[in-house]
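Asks: Please see the structure below; I have some questions.
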Amino acid sequence: MTASGLHLPPSVFKRVCIALAFPAFFTACPSADSVFSQSGVATNGHLSGATVVCEADKTTVSTDANGAYKFPLGCKGDITVSGGINVDTGEAFLGELKAPAGATAVNSLTTMMVVGGLTEAEVKTTLGLPSSVSLLTTDPAAENGAAYSNSELFAKAKTVQQLLQTTMDTLATTSSVTDTDAKKAIYAAAAGALASQIKAAPATKLITGATVEASVVTESVVTGMLNAAVTNVKASTNIKLANVKTGLNTVQPAAIAAMAAPSMATQSQQYMANRPTTVAAGQSMAGLIQKDQTLANQINTNKSFLAATDATKVAGLATEMKALVTAANNPNLTNDERQAAQDTALTNIGTAQATAATNTGIAAPTAPTHFLAISKDAVALKTGASSSKISIADFVGSGATLKWPLVEGSELAVSLLGVGTPVVSAIEVAVDISQPSKSGAFRAYISGLSASMSTAGLRIQSSANTKMIAWACNDAGSQEIYSDLSAELSNIDTTLSSSANMMTLIPLNSALERAIVVTGDSKGVIKKLSGTFNVKLVVKGLPLRMSNQTPFKEDTISVPKSLTSSTAQTLTGPGLVGKVKLTP
């Protein structure tokens, strides 16, 4: 039909055009979600289950298992991230991250921009990052297959993150503070102090070096940061820092900076010197370094020296401390090499303490006594004539590897190191086992075990009050089971030897077979397990430390008391978080 064959009034023509265009209009129009929403990633190691707040309107969302979040209606203000679990370490994140408005990446680098007022260009300059990298939109831990998309950014962001976390851990431990809000405030103070050092002297870069692997953390910047952080915390009016200020009352900022900065610079530098080529390697390093409390423990042990007004008088002690921390955190050392280096460093620390006492007129602290440790921080898996070591460093780092199912006759060989006369009490134990990216989980709680020390070692016995509850959930998260397994612990009477060169053998295969009977696993599911499992263990009632005198970090496990009740049995105490890899 030609235009001359039909004549429509203008108003009718307009209505027809609108009607014909209406479906296309809505097809082409993006949804409200795609127009207004804002997505991002929270990284300190990706944070799973973290709380993300848009400061403009206090909208709150949570991160998924990969640290991703979305504000459905967008966010026009700064972003704050707290809580959650660091997927690299399996531990709770206790600091607080921030990012400026419009950012889609929230991490230690963006935190310095908000808390310390640094520009993106200033951050890139002090870290030696290319100007082409967008810190506000690039996730430092973004993956490209099995590797990181930008391993340089990952290594340098981790370096900064480690400085902030170690400052938080050290000040919290030295002030005997465990409060979460206080730790967040310390973390913010550390970020602000580091930013202020960068701002005040832009020519002195935090990181220098022609390549990532050859990069060096500038110790003077770290010293200035720690000095400023402690000074600011002690002068703060923030009520959340009240107990921290009390705990640091006698601490001179210059003294703690001089003692801790050399170790902190070297520790954080490990991420660049050993730049991980794979995500697995990066997570292994994070497990070894981020979890480590060696420096925090040493600073707390030597707290009396922190009252020294002349920081140069504790310089020798700082040098030996750095040797100990380096030994604990160096991913290139075997367990035997690590133990030997730590033993030498501890001996030298004792000598340096005597020198510091002479220099300052302050009495040297006594070394920790009356504790238990696993000899050389390792156990042995014995199968017939063969034996393989499983170290704590492996467990918390890359993961302990077990051939599965266990071979008939498999035994776990454990030797305890008893220092002084350890005071033990009734033992409580909790375990939490899960598999990454799956809903399946197993948790158990044991109480009522009695413990006593003798010349033979640590004796553990069950009693009429011994209880064990267990809860499990399938991979789909759709089925739960709960069992009271107290009867299985009715005849425990084991002594773990603390005599030199003596090991206690624990039969593992028989325990596995019993577990199959108790759970009614007629289909052999247990024996068919494979892959990597996250494992958290908490033990209360035993004075446990690493062999380098560092106490185990406190952790918490909650086990449901039944399938119908929302209550749980919670245990908080010294713990370990690591991975176990089951291979056929």
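Asks: Taking 28 Å as the cut-off for C-alpha to C-alpha distance, list the pairs among Lys234/Lys313; Lys376/Lys540; Lys245/Lys376 that go past it. Intermediate results must be reported in sequence, preceding the final value.
Replies: Numbers: Lys234/Lys313 23 Å; Lys376/Lys540 21 Å; Lys245/Lys376 37 Å.
Over 28 Å apart, Cα to Cα: Lys245/Lys376.
Asks: Quote the accessible area belonging to Thr250 in square angstrom, nearest 10, computed with a 1.4 Å probe and with ligands, DNA and RNA left uncounted.
Replies: Accessible surface of Thr250 is approximately 80 Å².
Asks: Mind giving me the FRET efficiency for Ser220 and Lys581? R0 is 35 Å, r the Cβ-Cβ distance, nearest 0.05 is fine. Provide the component values of the computation, followed by the final result.
Replies: Details: r = 42 Å, r/R0 = 1.19.
Efficiency, rounded to the nearest 0.05: 0.25.
Asks: I would also like to ask the following. Over region 231-336, average the accessible area per residue using a 1.4 Å probe and give it in Å², no decimals.
Replies: Numbers: 3720 Å² over 106 residues.
I get 35 Å² per residue for this part.
Asks: How many nm separate the modelled label positions at Thr401 and Asp343, each set 7 Å beyond the Cα in the direction of the Cβ?
Replies: For Thr401 paired with Asp343, the spin-label model returns 2.7 nm.
Asks: Continuing with the same structure: If I compute solvent accessible area with a 1.4 Å probe over the protein chains, what percent of it on the chain is carbon and sulfur?
Replies: On the way: 14950 of 26190 Å².
Carbon and sulfur together cover 57 percent of it.
Asks: In terms of modelled amide H atoms, which long-range or inter-chain residues lie less than 5 Å from the amide H of Glu143?
Replies: Here Ser149 satisfy the definition.
Asks: Label-point separation (nm) for Ile516 and Ser452, each offset 7 Å from Cα along Cα-to-Cβ?
Replies: Distance between label points: 3.7 nm.
Asks: How big is region 541-584 on each of its three principal axes, counting only the C-alpha atoms and giving the largest first in Å?
Replies: 44, 36, 13
Asks: Report the extension gain between Thr319 and Ser131 in nm, rounded to one decimal, defined as 0.36 nm multiplied by the number of residues separating them, less their alpha carbon distance. All intermediate terms of the calculation are to be shown ahead of the outcome.
Replies: Details: separation 188, 0.36 × 188 = 67.68 nm, distance 3.59 nm.
That pair, Thr319 and Ser131, stretches by 64.1 nm at full extension.
Asks: A follow-up question, please. 222 nm [θ] for the chain, helices only, -39500 (n - 2.57) per DSSP H run of 4+, per residue, to 500?
Replies: Details: 15 runs with 206 residues, N = 584.
One gets -11500 deg cm²/dmol as the mean residue ellipticity at 222 nm.
Asks: How long are the semi-axes of the ellipsoid equivalent to region 107-303, from square roots of 5 times the Cα gyration tensor eigenvalues, in whole Å, largest first? Each step should come with its number before you reach the end.
Replies: Details: eigenvalues 151, 65, 47 Å².
Semi-axis lengths for region 107-303 are 28, 18, 15 Å.
Asks: Based on alpha-carbon centroids, what's the gap between region 235-308 and region 80-131 in Å, whole number please?
Replies: 18 Å
Asks: While we're here: Distance in nm between label sites at Thr312 and Asn238, each 7 Å beyond Cα in the beta-carbon direction?
Replies: 3.4 nm
Asks: Just subtract the alpha-carbon distance of Thr334 and His370 from 0.36 nm times their residue separation and send over the number in nm, one decimal.
Replies: Details: separation 36, 0.36 × 36 = 12.96 nm, distance 2.75 nm.
Contour length minus the Cα-Cα distance gives 10.2 nm.
Asks: Here is a further query. Using θ = phi - 60° and the Karplus curve 6.51 cos²θ - 1.76 cosθ + 1.60, what whole-Hz ³J(HN,Hα) does each residue of region 440-450 get, with Gly and Pro shown as x?
Replies: 3J(HN,Hα) across region 440-450, in whole Hz: x, 7, 9, 9, 9, 9, 10, 9, x, 7, 8.
Asks: How large is ³J(HN,Hα) for each residue in region 347-358, as worked out from phi by the Karplus curve 6.51 cos²θ - 1.76 cosθ + 1.60 (θ = phi - 60°), to whole Hz, x for Gly and Pro?
Replies: For region 347-358, the Karplus-derived couplings read 5, 5, 5, x, 5, 5, 5, 5, 5, 4, 5, 5 Hz, x marking Gly and Pro.
Asks: Any idea of Phe154's accessible area? Nearest 10 Å², probe 1.4 Å.
Replies: Phe154 exposes around 10 Å² with every protein chain in place.
Asks: Would you pull out the residues with amide H under 5 Å of Ile492's amide H, same chain only if 5 or more places away, H placed 1.01 Å from N?
Replies: Amide H to amide H, under 5 Å and 5 or more residues apart or across chains, Ile492 pairs with Ser462.
Asks: To the nearest 10 degrees, how steeply does helix 315-329 sit against the main Cα axis of the chain, on a 0 to 90 scale?
Replies: Once rounded, the angle reads 70 degrees.
Asks: Provide the per residue accessible area, probe 1.4 Å, for region 372-583, rounded to a whole number of square angstrom.
Replies: Details: 10730 Å² over 212 residues.
For region 372-583, the per-residue accessible area is 51 Å².
Asks: Further question: What Kirkwood hydrodynamic radius, in Å, does the chain give when the mean of 1/r is taken over all pairs of distinct Cα atoms and then inverted? Display every interim value, and only then the final one.
Replies: Working: mean 1/r = 0.0380 Å⁻¹.
Over the chain, the inverse of the mean reciprocal pair distance is 26.3 Å.
Asks: Related question: Quick check on packing: order 458-470, 78-90, 481-493 by the mean number of other C-beta atoms within 10 Å, highest mean leading. Please report the intermediate quantities before stating the final value.
Replies: On the way: 458-470: 16.8, 78-90: 22.8, 481-493: 13.2.
Answer by packing, highest mean first, reads 78-90, 458-470, 481-493.
Asks: If you don't mind, another one. Efficiency by 1/(1 + (r/R0)^6): what FRET value for Asn509 and Gln479, r their Cβ-Cβ distance, R0 = 30 Å, to the nearest 0.05? Please report the intermediate quantities before stating the final value.
Replies: Values: r = 28 Å, r/R0 = 0.93.
According to the calculation, E is roughly 0.60.
Asks: What is the distance in Å between the Cα centroid of region 367-431 and that of region 133-155?
Replies: 36 Å
Asks: Just the C-alpha atoms of region 372-583: what Rg/Rh do they give, with Rh taken as the Kirkwood radius?
Replies: Numbers: Rg = 17.1 Å, Rh = 18.2 Å.
Result: Rg/Rh = 0.94.
Asks: Same structure again: Just to verify a number: what accessible area does Arg514 come out at with the full protein assembly present, 1.4 Å probe, Å² rounded to tens?
Replies: My reading of the accessible area for Arg514 is about 110 Å².
Asks: On to the next question. Of the listed peptides 186-196, 366-376, what is their order by residue-averaged count of other C-beta atoms within 10 Å, with the highest listed first?
Replies: Values: 186-196: 26.0, 366-376: 16.2.
Going from most to least packed, we get 186-196, 366-376.
Asks: Right, another one. If R0 is 45 Å, what FRET efficiency do you get for Thr556 and Ala363 from their C-beta distance, rounded to 0.05? Don't jump to the answer; show the numbers that get you there.
Replies: Working: r = 36 Å, r/R0 = 0.80.
Computed FRET efficiency for Thr556 and Ala363: 0.80.
The values are calculated or read from the model by the stated rules, or taken from the named source; none is laboratory data. Keep in mind the model is a prediction, meaning the values are calculated, not measured. All Cβ positions, glycine included, derive from the backbone under ideal geometry; neighbour counts span all protein chains shown. SASA here: full protein model, heavy atoms, side chains in, ligands and nucleic acids out. Shrake-Rupley method; radii C 1.70, N 1.55, O 1.52, S 1.80 Å.
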